[in-house]
Amino acid sequence: MGSVLVTGGAGYIGSHTCVELLECGREVIVIDNFVNSSYESIKRVQDITGKKMKFFEGDMRDRDFLRSVFSENEVDSVIHFAGLKAVGESCEVPLEYYDNNLNSLIALCETMAGFNVKKLVFSSSATVYGDNQPPYNENMKPGLITNPYGRTKYMAEQILSDLSISDGEWSILILRYFNPIGAHESGKIGEDPKGIPNNLMPYILKVAIGELPELKVFGGDYKTPDGTCIRDYIHVVDLAKGHISALKKLDKFKGFDIYNLGTGKGCSVLELINKFEEVCKVNLNYSVGDRRDGDLPVCFADTSKAEKQLNWKAKYDIGRMCEDSWRWQISNPKGYKR
Ligand code: NAD
Ligand code: WQD
């Protein structure tokens, strides 16, 4: 069997997926340009697994670079994580997001077709459900997407659907992630955001370790039981394992399909804070403030399709997600920078 090419493999979800791939005996090739990561995560993946990966530093939009990687290696299938993902930033520099996220995808698919590699798993997001009524299922029409980042994911899905219609040899699976948090149980790899975090768990971690003074809970007046927003947090290791299940399906499938990867359970901001304080035995300094623009009150997955067709189900609970996030943070107070 040829190798799995993991684009964006130095990043948060990519690095955890590389661990799972190596642990189930796959050869792994990583491409990354480190726009949001560092080489240290690649070293640590190899350290955790005791196995080597091939690594190529470069930009996914660079077709000559991609051709050189494909010609030097026997690639069997591709998991395409590489992309920019910050919602707020995407509103400030939309062209960078459309350029990076869409031109990378087009360059990748052209190169794959040129080398007759037609098995692809693509990282999409629950954000494409927009203002639909949760639980979200894969048959729903996309809802109102409120930011350029989300639109790049929606457009990417359309591009891949069109590609599979044009050429029946492709096998393409879209995975729509809900809210990944947590870290590998070793504490060696985890999420390492640059600057002040945008997302809830990285922010909680910085407050818990004393790097930031206070967490603001964005809105306490939503129509939810405790007034704060509800999300479907999923352990990043469960998410990574979902990619192994998707690759198995790719081997016996042609066409295009979409799967939600979530737990199917909603958890409010206050519930997450309380659970974090309980299992990590720390007090978080927080206060409830104004709503953040663009936030939906409730978002969680219907996971029955992935359970039935990918034979995959998330197993870690919120307590374990908090515990593993905290272990990563206290073992690496400066992230990958020692
Ligand atoms: P991440 O930023 O940690 O990882 C993305 C990686 O891609 C980084 O290592 C970055 O350096 C690399 N990269 C970006 N542009 C590149 C380019 N042009 N060429 C080469 N490498 C490039 O993000 P993540 O959280 O691991 O997310 C992975 C994927 O999953 C992304 O596509 C993201 O949009 C998607 N996703 C993430 C979440 C989430 O909450 N983390 C949720 C839904 C979907
Ligand atoms: C979670 C909850 C906030 C920070 C984003 C993207 C989505 C996907 C996952 C990529 C919300 C609240 C947050 C803080 C808070 N990413 N919060 N104080 O917005 O659900 O999803 O990441 O595809 O596309 O939009 O995640 O972690 O930012 O927020 O109260 O300092 O925490 O209001 O209710 P979100 P998040």
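The values are calculated or read from the model by the stated rules, or taken from the named source; none is laboratory data. Quick caveat, the model's predicted, so the values are computed rather than measured. Methodologically, a virtual Cβ is constructed for each residue, glycine included, from the backbone with ideal geometry; neighbour enumeration extends over all protein chains shown. The accessibility values were calculated without ligands, DNA or RNA, using every heavy atom of the protein model including side chains. Shrake-Rupley method; radii C 1.70, N 1.55, O 1.52, S 1.80 Å.
Take the residues of the stretch 192-242 that are more than 19 Å from L270 (Cβ to Cβ) and part of a helix (DSSP H, G or I): which is most open to solvent (accessible area, probe 1.4 Å)?
Taking the candidates together, the pick is K241.
Which condition from (1) within 16 Å of I244 (Cα to Cα); (2) open to solvent by less than 20 Å² (accessible area, probe 1.4 Å); (3) within 16 Å of ligand 2 (Cβ to nearest atom) is the one that I13 breaks?
In the conditions (1) within 16 Å of I244 (Cα to Cα); (2) open to solvent by less than 20 Å² (accessible area, probe 1.4 Å); (3) within 16 Å of ligand 2 (Cβ to nearest atom), I13 misses (2) alone.
Search the stretch 291-325 for residues being outside any loop (DSSP other than H, G, I, E, B) and within 16 Å of ligand 2 (Cβ to nearest atom), and hand back the single one that is farthest from the chain's Cα centre (by Cα).
V298
For E89, indicate whether it is more than 16 Å from ligand 2 (Cβ to nearest atom) and either surrounded by fewer than 21 Cβ atoms within 10 Å (Cβ to Cβ) or under 30 Å from K337 (Cβ atoms) (or both).
no
The rows are residues; the columns are (1) in contact (Cβ under 8 Å) with a residue 24 or more places away in the chain; (2) over 27 Å from D251 (Cα atoms); (3) in contact with a Leu (Cβ under 9 Å, 6 or more places away or on another chain).
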residue: R44; (1), (2), (3): yes, yes, no
residue: M53; (1), (2), (3): yes, no, yes
residue: G58; (1), (2), (3): yes, yes, yes
residue: L66; (1), (2), (3): yes, no, yes
residue: V75; (1), (2), (3): yes, no, yes
residue: A82; (1), (2), (3): yes, no, yes
residue: E96; (1), (2), (3): no, yes, yes
residue: L120; (1), (2), (3): yes, no, yes
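Just to verify a result, which residue in the stretch 169-185, among those that are open to solvent by less than 50 Å² (accessible area, probe 1.4 Å) and assigned to a loop (DSSP other than H, G, I, E, B), is nearest to A86 (Cα to Cα)?
Among those residues, the one meeting the criterion is F178.
Of the residues in the stretch 29-86, how many are away from ligand 2 (no atom under 16 Å from the Cβ) and assigned to a loop (DSSP other than H, G, I, E, B)?
14
On the basis of being of a type in the set (F, W, Y) and away from ligand 1 (no atom under 16 Å from the Cβ), does F81 make the cut?
In short, no.
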